[in-house]
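Student: Dropping a structure here in structure tokens format, bear with me for questions.
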Amino acid sequence: IALIAIGISVNDEEDKIDALKGLGKRNPLLAIAGVIAVLSLAGIPLTAGFFGKYIVLADAWREHSTLVIIALVNSAISIYYYLKVLGAIVSKSETEQAPIKLSFLTTLIVVITIVGMIGLPFIIPFL
């Protein structure tokens, strides 16, 4: 959801990673959400993505260890591509761009998504 909000907000008629450059200055909340979303996709510990991958792969290990090893190698390779996106989000833009203003509802959704991506691992035991 965070990456969708970023895509809609950044819409510069450009579908390139370079369109994310300068996002930290244009809207810090979207930049934080983007960084956390990409870290979660990469499966970095303490994010919902890590716990999701861990639960699935730990359960699959018993029956299909070869498949789990392939999935782990795939995850390691994907981190390279995620680093490109992270680099674009935190880098400066070559041109001056207008700040991105978000509506209240979009801001609320982004904040809830951030809390979910970081807080989900701590909420799961109570569910």
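Every number here is computed from the coordinates shown, using simple stated rules; none is lab data. Every value quoted in this text rests on a predicted model; they were computed, and no experiment measured them. Neighbour counts run over all protein chains shown; Cβ positions are idealised from the backbone, glycine included.
Student: Only loop residues by DSSP count here, and only those with at most 10 other Cβ atoms within 10 Å; note down the chymotrypsin sites (Phe, Trp or Tyr not before Pro) in the range 23-73 that meet that.
Tutor: For chymotrypsin sites (Phe, Trp or Tyr not before Pro) across the range 23-73 that sit outside H, G, I, E and B with at most 10 neighbouring Cβ atoms in 10 Å, the list is empty.
Student: So if R0 is 30 Å, what FRET efficiency would ASP59 and PHE104 give, r being the distance between their Cβ atoms, rounded to the nearest 0.05?
Tutor: So, using R0 = 30 Å, E works out to roughly 0.15.
Student: Suppose R0 equals 41 Å; then what is the FRET efficiency for ILE70 and ILE124 from their Cβ-Cβ distance, rounded to the nearest 0.05?
Tutor: My answer for the efficiency is 0.95.
Student: With +1 on each Lys and Arg Cβ and -1 on each Asp and Glu Cβ, how big is the dipole of the chain about its Cα centre, in debye rounded to the nearest 20?
Tutor: Using Cβ point charges on Lys, Arg, Asp and Glu, the chain gives about 280 debye.
Student: Mean residue ellipticity at 222 nm from the helices of the chain, using -39,500 (n - 2.57) per DSSP H segment of n ≥ 4 over the full residue count, to the nearest 500 deg cm²/dmol?
Tutor: The helix-only estimate for the chain comes to -22500 deg cm²/dmol at 222 nm.
Student: Sticking with this one: Name the trypsin sites (Lys or Arg not before Pro) in the range 70-127 that are in a loop by DSSP and that have at most 12 other C-beta atoms within 10 Å, would you?
Tutor: Here the sparse-neighbourhood loop sites are LYS92, LYS101.
Student: Report the calculated FRET efficiency for ILE112 and ILE44 (r = Cβ-Cβ distance, R0 = 25 Å), to the nearest 0.05.
Tutor: Efficiency, rounded to the nearest 0.05: 0.80.
Student: May I pose another question? How big, on average over all directions, is the shadow cast by the Cα convex hull of the chain, in nm²?
Tutor: Projected over every direction and averaged, the Cα hull of the chain covers 9.0 nm².
Student: On to the next question. Taking the dipole about the Cα centre of the chain, with the C-beta of Lys and Arg at +1 and of Asp and Glu at -1, give me whichever of VAL73, LEU120, SER93 is farthest to the positive side.
Tutor: Checked the options; the winner is LEU120.
Student: Tell me which of ALA33, PRO45, LEU102 sits at the most positive position along the dipole axis of the range 2-121, charges placed on C-beta atoms (Lys, Arg +1; Asp, Glu -1).
Tutor: Going by the charge dipole, the pick is PRO45.
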